[in-house]
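First comes the structure, then the notes that go with it.
Every number in this text was worked out from the coordinates using simple rules, so none of it is lab data. Given the structure is predicted, the values throughout are model-derived calculations rather than measurements. No Cβ is skipped: glycine too gets one built from the backbone with ideal geometry, and neighbour counts run over all protein chains shown.
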Amino acid sequence: MDWQSRSRQRKQQQLDSIPSDWRVDPPPDDQLNVIDFPRTCGLLTPFELELTEADIEVLLFKLAHAEWSCLDVTRAFYKRAVVAQQLTNCLTEIFVDRALEQARELDEYLRIHGKPKGPLHGLPISDQFTIKGLETIMGYVGWIGNIADRDCVIVEILRECGANIFVRTNVPQTLIWGETFNHVFGRTVNPYNRLCTPGGSSGGEGALLAMRGSAIGVGTDIGGSVRIPSAFCGLYTLRPSYERLPYQGALNSAQGQESISSVLGPMTNSIAGVKIFTKVVLDAKPWTKDPLCFRKSWDEAGYRLAEHGNGKSLCFAILWDNGVIKPHPPMYRAMKMVKAALEAAGHKVVDWVNYKHMELFHVAEYIWAADGVEDFTKDCALSGEPLVQLEHFTTDETRDLYKLDIPPLNKFVAEGRGPLSAYELWQLHKQKRQLRKEYLDHWEATVEITGTGRPVDGIISPPTPYGATPHGLNTDAFYTTLWNILDYATAGFPVTTVDPILDAQKPPPHEFYNHEDEAIYNLCKWNSVLHVLEAHLFYPDDVELFKDSPIGLQITGRTLEEEAVIGMAELIDAALKAHH
């Protein structure tokens, strides 16, 4: 078959895997916000709604003590996941019978042994990783039929800890985009506004978790792929340092590219979920299964911020503007909210001074283009499908309105910048290492301004310069990529939502850093009622178009400080809730 026929056939198989009695009548297309639809569609019982909306600590306690059965919990989450799929197209593999059978086995284990199988006993977890007996397509038509003969290490560990891996989620072709679209499963949309993207590459996880169709999701991040969808979908997340969590056996594009490594991270509806996932995986000693994984157990002292004043009177820095792209008004408002909340809680907040960000940006871009896009084109050649360009993420309305001039994925090749020789790549590695040393020194020097006797404890910054954009307009990822290049542990957390009144004032033009900065400044109209009306965008009579779209930030610590950034995220989250 040609690639189009293979795609259609595989998509039909996915549709056929949805139980007929779990199908719902979707809301009309002009209902953009569908977050509450699972509560009103009639498919889930009141008890199932209670199960899927319970805090993760409550879920785990009741599952471990047989107050709630694994079968009931898995069925409830699966029904909600299938509802989310019908509204946002967030899933790939749907294997209901297999997941329910696993839940029955977990219930039987608890009955026979009188104890849970592990610390995640019965918890439904979604991911995008290699699962024995299932296809691992990862957005490529040529990978249809690629059946795994074993679980990857993270799936193996989660199963040993009692989790039920019950569904897989959508990603973009190549997994390098901040959007989620491929030729096999199509486009995933944001449940807060279906005209907008949930981000990427873990956009399927973002949309699913936003609709509470999973207890914990696991995504990957090479340049922001768990933090961007978490920010766009109102979630908490963790981007760990290279090799802190096990990646062995997971499939991805550009395998073998280890200059800026892809990492896996949890995405959840609470910071407690991030901590629970990370601690459970580290307690399982993943270095015994993944030879690259650091032999570093869960650091309880690090989590309690022992090296950061024991969580008292910390000094945070805010990176208001990375010097490459200036953020939109909602991002500034979120940072001001966090600053006020932290100061009210007795902490100090200073301004972060940028250091060679444009050099770091160029190093990352050149490293990712070093192969001349050979990896992507070879995987596309397996089926004959075209390589997706950013313009494919847009809708016809977006293209017509903006007359978009979007650069191709292989822009660096077109400009004669790739492929690079091994020697040229080594020079980039050398430059990256030197920049990492200089950035470390720059951070250490902040001891002169903190007043704590320590350098800045953590850096707060936007994960993107904007909230969720309409499809095809999420063009920037350097606010997250910066920390991937430096390999700093980073946690994402929600702060507020777009307010059509507070965020309506477009800032005056500034001296633009570059062409993209100017283009993103002009996108301010998307996040403002006044400019939405001015543009006559899609639904010109809907003055509440972007109301309630999530706005999140990120807190960054040093390399391998995962426990500390989780502790800092908890501290910030508590300060925000107390202050606002």
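So, in the stretch 233-268, of the ones that are polar (S, T, N, Q) and in contact with a Pro (Cβ under 9 Å, 6 or more places away or on another chain), which residue ends up surrounded by the fewest Cβ atoms within 10 Å (Cβ to Cβ)?
If we filter the stretch 233-268 for residues that are polar (S, T, N, Q), which is where we start, we get 237, 241, 248, 252-253, 255, 257, 259, 261-262, 268.
Then keep just the ones that are in contact with a Pro (Cβ under 9 Å, 6 or more places away or on another chain); that gives 237, 248.
Details: T237: 34, Q248: 16.
So the residue we want is Q248.
Quick check on I501: is it in a helix (DSSP H, G or I), out of contact with any Gly (no Cβ under 9 Å at 6 or more places or on another chain) and of a type in the set (V, I, T)?
Working: in a helix (DSSP H, G or I): no; out of contact with any Gly (no Cβ under 9 Å at 6 or more places or on another chain): yes; of a type in the set (V, I, T): yes.
For I501, the condition - in a helix (DSSP H, G or I), out of contact with any Gly (no Cβ under 9 Å at 6 or more places or on another chain) and of a type in the set (V, I, T) - is not met.
Report yes if R98 is buried (at least 19 other Cβ atoms within 10 Å of the Cβ) and under 28 Å from G200 (Cα atoms), otherwise no. Explain how you work it out, then say what you get.
Working: buried (at least 19 other Cβ atoms within 10 Å of the Cβ): no; under 28 Å from G200 (Cα atoms): yes.
It is false that R98 is buried (at least 19 other Cβ atoms within 10 Å of the Cβ) and under 28 Å from G200 (Cα atoms).
Would you confirm whether any residue within the stretch 157-164 is farther than 18 Å from Y247 by Cα, surrounded by fewer than 24 Cβ atoms within 10 Å (Cβ to Cβ), in contact with a Lys or Arg (Cβ under 6 Å, 6 or more places away or on another chain) and among the small types (G, A, S)?
Yes, there is a match, as at least one residue in the stretch 157-164 is farther than 18 Å from Y247 by Cα, surrounded by fewer than 24 Cβ atoms within 10 Å (Cβ to Cβ), in contact with a Lys or Arg (Cβ under 6 Å, 6 or more places away or on another chain) and among the small types (G, A, S).
So if I check each of I176, I165, which one is at negative phi and either assigned to a strand (DSSP E or B) or in contact with an Asp or Glu (Cβ under 6 Å, 6 or more places away or on another chain) (or both)? Before you say what the answer is, go through the steps one by one.
Values: I176 fails: either assigned to a strand (DSSP E or B) or in contact with an Asp or Glu (Cβ under 6 Å, 6 or more places away or on another chain) (or both).
When all the criteria are applied, what remains is I165.
With a cut-off of at least 1 residues that are small (G, A, S), name the helices (runs of 4 or more DSSP H) lying wholly within the stretch 1-61. Even if it seems obvious, please write down each step before you answer.
Details: elements: 3-16, 37-40, 46-53.
Hits in the stretch 1-61: 3-16.
Do any residues in the stretch 1-28 that are closer than 10 Å to V184 by Cβ and touching a residue at least 60 places away in the same chain (Cβ under 8 Å) have Cβ atoms under 7 Å from those of residues that are surrounded by 12 or more Cβ atoms within 10 Å (Cβ to Cβ) and acidic (D, E), where the two are at least six apart or on different chains, and which pairs are they?
Every condition considered, the pairs that remain are W3/E385.
Would you check which residues across the stretch 230-279 are among the hydroxyl-bearing types (S, T, Y), farther than 22 Å from S549 by Cα and out of contact with any Cys (no Cβ under 9 Å at 6 or more places or on another chain) and list them?
Going through the stretch 230-279, the residues among the hydroxyl-bearing types (S, T, Y) turn out to be 230, 236-237, 241-242, 247, 253, 259, 261-262, 268, 270, 278.
Now narrow it down to the ones that are farther than 22 Å from S549 by Cα: 241-242, 247, 253, 259, 261-262, 278.
Those that are among the hydroxyl-bearing types (S, T, Y), farther than 22 Å from S549 by Cα and out of contact with any Cys (no Cβ under 9 Å at 6 or more places or on another chain): S241, Y242, S253, S259, S261, S262, T278.
In the list I144, I35, which residue meets the criterion of being within 22 Å of S230 (Cβ to Cβ), within 26 Å of the chain's Cα centre (by Cα) and surrounded by fewer than 24 Cβ atoms within 10 Å (Cβ to Cβ)?
Numbers: I144 fails: within 22 Å of S230 (Cβ to Cβ).
Within the list I144, I35, the selection yields I35.
Just wondering, is there one or more residues in the stretch 191-199 that are in contact with a strand residue (DSSP E or B) (Cβ under 7 Å, 6 or more places away or on another chain), surrounded by 24 or more Cβ atoms within 10 Å (Cβ to Cβ) and under 19 Å from S262 (Cα atoms)? Walk me through it before giving the result.
Kept after step one, since they are in contact with a strand residue (DSSP E or B) (Cβ under 7 Å, 6 or more places away or on another chain), are these residues of the stretch 191-199: 192, 195-198.
Next cut, surrounded by 24 or more Cβ atoms within 10 Å (Cβ to Cβ) only: 192, 197-198.
Add one more test, that the residue is under 19 Å from S262 (Cα atoms), and what stays is none.
No: zero hits.
Search the stretch 1-32 for residues being of a type in the set (S, T, N, Q) and over 30 Å from S383 (Cβ atoms), and hand back the single one that is surrounded by the fewest Cβ atoms within 10 Å (Cβ to Cβ).
Just the residues of the stretch 1-32 that are of a type in the set (S, T, N, Q), to begin with: 4-5, 7, 9, 12-14, 17, 20, 31.
Subsequent filtering for residues that are over 30 Å from S383 (Cβ atoms) retains 20, 31.
Working: S20: 6, Q31: 11.
Going through the qualifying residues, I end up with S20.
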